[in-house]
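Only one structure is covered here, and it is reproduced in the block below.
The values are calculated or read from the model by the stated rules, or taken from the named source; none is laboratory data. Here the structure is a predicted model, which means the values were calculated and not measured. As a convention, Cβ positions derive from the backbone with ideal geometry for all residues, glycine included, and neighbour counts pool all protein chains shown. All accessible areas refer to the heavy atoms of the entire protein, side chains included, with ligands and DNA or RNA removed. Shrake-Rupley method; radii C 1.70, N 1.55, O 1.52, S 1.80 Å.
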Amino acid sequence: MVYDTVVSKNGFKCIYLESICDNKTLIETNIINMKIRSPDYKNSNMNDNEAVEDFRQRIEHYSAVYVPIDEEEEGHFTTMKVVNAGEKLIISRQEGYLQSRIAYWLMNIHLVPRTIYLTRHGESLNNLAGKIGGDSDLSPRGELYIPALANLINKENIPGIRVWTSWLKRSIQTASGIEAPQERWKALNELDSGDFEGMTYEEMSQKYPVEFAARDMNKLTYRFPGGESYVDLVARLEPVIMELERQGNVVVIGHQAVIRCLLAYFMEKPLSELPYMQVPLHTLIKITPMAYGCEVEYIPLPVDAVDTHRPRPTSPSNKRLRISSGKAIYNQSIYNK
């Protein structure tokens, strides 16, 4: 019925995703650590033991009525079957780019409990000057963030912890005190601001008012001349996100736009909110993936820093600068070609 409606009547492509788990230890762990925290039990009057028993009964009901996909009789369907939460992935008749990305994602997810720590580099000299981009060193206060972050991470004795940084000096310097294996990712470099690297927003608005207005009108898709947009950055970070799904405990020391993208992914934020998410300096963001979402905790460290957050404009820059919206859009379309 599903296939007829989706494919035969409407002409869409159809994928059957099936998850099979017969590992009793994995099932019990999953029930205790994840399922009882689902929305079904979050606001119920059941205690944990009652919730566990209730879910065991639910599994028995599912087992009695569930009919798995028959690989012989239904072999003409496109199917992806996940066995024991990633122990094995069986793919049949996959075709097209989108289906390949779904398979890639399924191959990388797992249920092992882990924590992901996100933080920006320590305050940099460019942060103090209000300049965007560049590869400046840390400020004196940024250097104080090195031991503060290291002490917090090192004392936790997090099993198997790894540290990922960008290729930029301020990110590598910030990681220098953490006692853990470190990896450098070029993909974690800050959003490329192209011709405007090293400028302040005030300089941008004075020298390039049309560009400044175009960015304010649509910060998500705006591409710096010779640089990147947030959409470009999201695409660049896809391998990082897939690797984070595969890994255990990781500390990522990145940059404002990069951390926004990673945070938006794990918090399931809409793209429209991504460019305006607050990611303060000298703050560790602890993400614990759970069933049905992630727990997110902001841990500010006691080192002062400049506030680099630029909120969504309440009045579009093209009106403040007396530039027509059409001119701003046209100018940006030239760079996006």
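Which numbered condition in (1) of a type outside the set (D, E); (2) open to solvent by 10 Å² or more (accessible area, probe 1.4 Å); (3) part of a helix (DSSP H, G or I); (4) more than 17 Å from H309 (Cα to Cα) is the only one that K269 fails?
(3)
What about L118, is it more than 24 Å from the chain's Cα centre (by Cα), within 26 Å of K186 (Cβ to Cβ) and at pLDDT 95 or above?
It is false that L118 is more than 24 Å from the chain's Cα centre (by Cα), within 26 Å of K186 (Cβ to Cβ) and at pLDDT 95 or above.
Rundown of residues vs (1) at pLDDT below 95; (2) surrounded by 15 or more Cβ atoms within 10 Å (Cβ to Cβ); (3) farther than 30 Å from I27 by Cα, yes/no style:
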position: P113; (1), (2), (3): yes, no, no
position: L144; (1), (2), (3): no, yes, yes
position: A150; (1), (2), (3): no, yes, yes
position: W167; (1), (2), (3): no, no, yes
position: S171; (1), (2), (3): no, yes, yes
position: T174; (1), (2), (3): no, yes, yes
position: E179; (1), (2), (3): no, no, yes
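Kindly indicate whether I59 is in contact (Cβ under 8 Å) with a residue 40 or more places away in the chain and either in contact with a Cys (Cβ under 6 Å, 6 or more places away or on another chain) or open to solvent by less than 90 Å² (accessible area, probe 1.4 Å) (or both).
Numbers: in contact (Cβ under 8 Å) with a residue 40 or more places away in the chain: no; either in contact with a Cys (Cβ under 6 Å, 6 or more places away or on another chain) or open to solvent by less than 90 Å² (accessible area, probe 1.4 Å) (or both): yes.
Spelling it out, it is not the case that I59 is in contact (Cβ under 8 Å) with a residue 40 or more places away in the chain and either in contact with a Cys (Cβ under 6 Å, 6 or more places away or on another chain) or open to solvent by less than 90 Å² (accessible area, probe 1.4 Å) (or both).
Given (1) in a loop (DSSP other than H, G, I, E, B); (2) out of contact with any strand residue (DSSP E or B) (no Cβ under 9 Å at 6 or more places or on another chain), identify the lone condition not met by E190.
The one condition E190 does not meet is (2).
Determine which member of the set N49, N108 is surrounded by fewer than 17 Cβ atoms within 10 Å (Cβ to Cβ), in contact with a helix residue (DSSP H, G or I) (Cβ under 6 Å, 6 or more places away or on another chain) and of a type outside the set (A, V, I, L, M, F, W, C). Please lay out each step first, then the result.
Numbers: N49 fails: in contact with a helix residue (DSSP H, G or I) (Cβ under 6 Å, 6 or more places away or on another chain).
After applying the criteria, what remains is N108.
On the given criteria, is V210 modelled with pLDDT under 95 and either closer than 26 Å to P313 by Cα or of a type in the set (F, W, Y) (or both)?
In short, yes.
Please determine, by comparing only the residues of segment 272-313 that are assigned to a loop (DSSP other than H, G, I, E, B) and within 25 Å of H110 (Cβ to Cβ), which one is most open to solvent (accessible area, probe 1.4 Å).
Y292
Let me spell it out: the conditions are (1) open to solvent by less than 100 Å² (accessible area, probe 1.4 Å); (2) in contact (Cβ under 8 Å) with a residue 40 or more places away in the chain, and K13 meets all of them except one. Which number is the exception?
(1)
With the requirement that a residue be in a helix (DSSP H, G or I), in contact with a Lys or Arg (Cβ under 8 Å, 6 or more places away or on another chain) and farther than 20 Å from V7 by Cβ, what does segment 60-107 give you?
none
I'm told I241 meets every condition in (1) farther than 22 Å from G134 by Cα; (2) out of contact with any strand residue (DSSP E or B) (no Cβ under 7 Å at 6 or more places or on another chain); (3) open to solvent by 40 Å² or more (accessible area, probe 1.4 Å) except one. Can you identify the failing condition by its number?
Single failed check for I241: (3).
With E28, E87, E18 as the choices, which residue is under 29 Å from G248 (Cα atoms), touching a strand residue (DSSP E or B) at 6+ places or on another chain (Cβ under 6 Å) and among the acidic types (D, E)?
Working: E28 fails: touching a strand residue (DSSP E or B) at 6+ places or on another chain (Cβ under 6 Å); E87 fails: touching a strand residue (DSSP E or B) at 6+ places or on another chain (Cβ under 6 Å).
Answer to the check: E18.
From E190, E183, grab the single residue that is free of Cβ contacts under 8 Å to residues at least 60 places away in the same chain and under 19 Å from G122 (Cα atoms). Give the steps one after another, and end with the answer.
On the way: E190 fails: free of Cβ contacts under 8 Å to residues at least 60 places away in the same chain.
That would be E183, the only listed residue that is free of Cβ contacts under 8 Å to residues at least 60 places away in the same chain and under 19 Å from G122 (Cα atoms).
Any residue that is of a type in the set (D, E, K, R) and either outside any helix (DSSP H, G or I) or touching a Phe, Trp or Tyr at 6+ places or on another chain (Cβ under 6 Å) (or both) - is there at least one of those in segment 147-161? Please lay out each step first, then the result.
Initially, segment 147-161 is screened for residues of a type in the set (D, E, K, R), giving 155-156.
Going one step further and asking which of them are either outside any helix (DSSP H, G or I) or touching a Phe, Trp or Tyr at 6+ places or on another chain (Cβ under 6 Å) (or both), we end up with none.
No, because not a single residue in segment 147-161 is of a type in the set (D, E, K, R) and either outside any helix (DSSP H, G or I) or touching a Phe, Trp or Tyr at 6+ places or on another chain (Cβ under 6 Å) (or both).
When you go through E183, E203 one by one, which is the residue that is among the acidic types (D, E) and in contact with a Phe, Trp or Tyr (Cβ under 7 Å, 6 or more places away or on another chain)? Reasoning before the result, please.
Numbers: E203 fails: in contact with a Phe, Trp or Tyr (Cβ under 7 Å, 6 or more places away or on another chain).
Testing whether each residue is among the acidic types (D, E) and in contact with a Phe, Trp or Tyr (Cβ under 7 Å, 6 or more places away or on another chain) leaves just E183.
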